[in-house]
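Notes for the one structure printed next.
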Amino acid sequence: MDTREARSRKSVLSVSRPIGRPDRQFYAKSNAFGRFGMRWFRPVVMSAPHSHGHIELNWLSSGHMDYVFDGRPVRIHCGHLVAFWASIPHQAVAIDYGENDDAQQCNIYLPLDAFLHIPHIDRLHEDMMGGAVLGFRPDAVGSGTLHRWYGDYRSGDPERQDILKTEIASMLRRSTLIGWDTLMPAWIEPTIANPRQAPPVRYVVAMVRYILENLAEPLSVDDVAKVVGLHPNYALNLFTSVMRVPIRKFVIRMRLVRARALLFESNLSIANVAFQSGFNSLSQFYAHFGRAYGVTPMELRRHLIR
């Protein structure tokens, strides 16, 4: 390792390990959504495709990297933050480290449920869930911001980590206004023109969209299956195979994410938070919330606003 690379790695990695938080238990229980994460590393070629439950954001300091997304090639250049839905199998197949051979890669792993809850980015939701690979403009985020975010992530300070996530959401909202470069167009159609020829993921995207639009209403597997014209058992199996979580658990997780946001962003009573998040029973809300976050709704609210 040369001196420059050693200094680069030292500056990136010499921050204390993050301290666990109550809400991490929620994401740790299933790989369907994953937990929030961020890391810097020297990029490497992947031995095989893989997938996981995040919206993944990649940034290269120099050179470029060739990816394959479900058989579709995409080249990622340095200096642009690139985003894709990581549930689609992807693999880094070739890397150019740049003239000085000192490329560093920053990855941000944004849990899918948290991404889907960010408001005012409907176009981004639609493109990402459609399988697009997007490159944000160079002024959207740069090396300095990414290093600061990484320091927040590794700080162990819950408030700094919440601010980090808020800033990522704001960056995505701003990009929705100023635009992005489409490195690979969306190929998963949001509607199903010919059900007999539609691949499974198209059904699932339609079901996810319906769930998000009706989260506060009573939802059943039958309701969701009707949207795509499938038998409930088949729809459930299809959803589980693609999202790696059953429909009912997906609905509960999305309702919990909404409830957590309402606890932080509003002065609503706990009962109203539960109702507006789609829970029809306060006891049911407390039970799910406690299992997900390890604290009561009021304890989490006090923790977030202290």
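The values are calculated or read from the model by the stated rules, or taken from the named source; none is laboratory data. Model, not experiment: these values are computed from the prediction. Every residue, glycine as well, gets a Cβ built from its backbone with ideal geometry; the counts of neighbours run over all protein chains shown.
From the list THR166, THR182, exactly one residue is at pLDDT 90 or above, within 30 Å of ARG137 (Cα to Cα) and within 17 Å of the chain's Cα centre (by Cα). Which is it? Lay out the reasoning, then the answer.
On the way: THR182 fails: within 17 Å of the chain's Cα centre (by Cα).
Exactly one of THR166, THR182 is at pLDDT 90 or above, within 30 Å of ARG137 (Cα to Cα) and within 17 Å of the chain's Cα centre (by Cα), namely THR166.
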Next on the checklist: Being more than 25 Å from MET128 (Cα to Cα) and either among the basic types (Lys, Arg) or modelled with pLDDT of 90 or more (or both) is true for just one of ARG255, ARG301, ARG244, ARG202. Which residue is that?
Outcome noted: ARG301
Checklist outcome for this item: Note: among ALA94, ALA103, ALA48, just one is assigned to a loop (DSSP other than H, G, I, E, B), in contact (Cβ under 8 Å) with a residue 24 or more places away in the chain and exposed (fewer than 15 other Cβ atoms within 10 Å of the Cβ), namely ALA48
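Within the range 295-306, which residues are free of Cβ contacts under 8 Å to residues at least 24 places away in the same chain and surrounded by 13 or more Cβ atoms within 10 Å (Cβ to Cβ)? Walk me through it before giving the result.
Residues of the range 295-306 free of Cβ contacts under 8 Å to residues at least 24 places away in the same chain: 296, 299, 302, 306.
Passing the criteria: THR296, GLU299.
Can you tell me which residues in the range 62-73 are in contact with a Phe, Trp or Tyr (Cβ under 9 Å, 6 or more places away or on another chain) and either in a loop (DSSP other than H, G, I, E, B) or crowded, with 19+ Cβ neighbours inside 10 Å (or both)?
Filtering the range 62-73 down to residues in contact with a Phe, Trp or Tyr (Cβ under 9 Å, 6 or more places away or on another chain) leaves 62-63, 67, 69-70, 72-73.
Across the range 62-73, the qualifying residues are SER62, GLY63, TYR67, PHE69, ASP70.
Working carefully through the options ALA271, ALA287, ALA259, ALA292, find the one that is crowded, with 20+ Cβ neighbours inside 10 Å and free of Cβ contacts under 8 Å to residues at least 40 places away in the same chain.
None of the other options fit; the residue is ALA259.
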Checklist entry - From VAL295, VAL221, VAL205, VAL257, which residue is of a type in the set (A, V, I, L, M, F, W, C) and in contact with a His (Cβ under 6 Å, 6 or more places away or on another chain)? => result VAL257
Checklist entry - Looking at (1) surrounded by fewer than 19 Cβ atoms within 10 Å (Cβ to Cβ); (2) within 22 Å of PHE264 (Cβ to Cβ); (3) at pLDDT 85 or above, can you tell me which one ASP152 breaks? => result (1)
Checklist outcome for this item: When (1) without any contact (Cβ under 8 Å) to a residue 60 or more places away in the chain; (2) more than 29 Å from ILE88 (Cα to Cα) are applied to ASN280, the one that fails is (1)
Checklist entry - Among the numbered criteria (1) over 21 Å from ILE178 (Cα atoms); (2) in contact with a Ser or Thr (Cβ under 7 Å, 6 or more places away or on another chain); (3) among the hydrophobic types (A, V, I, L, M, F, W, C), which single criterion is violated by ILE163? => result (2)
Next on the checklist: One residue is enough: does the range 235-253 have a residue meeting the conditions in contact (Cβ under 8 Å) with a residue 24 or more places away in the chain, assigned to a loop (DSSP other than H, G, I, E, B) and charged (D, E, K, R)?
Outcome noted: yes
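Any idea which of ALA83, ALA169 is in a strand (DSSP E or B) and small (Gly, Ala, Ser)?
Numbers: ALA169 fails: in a strand (DSSP E or B).
Unique residue meeting the criteria: ALA83.
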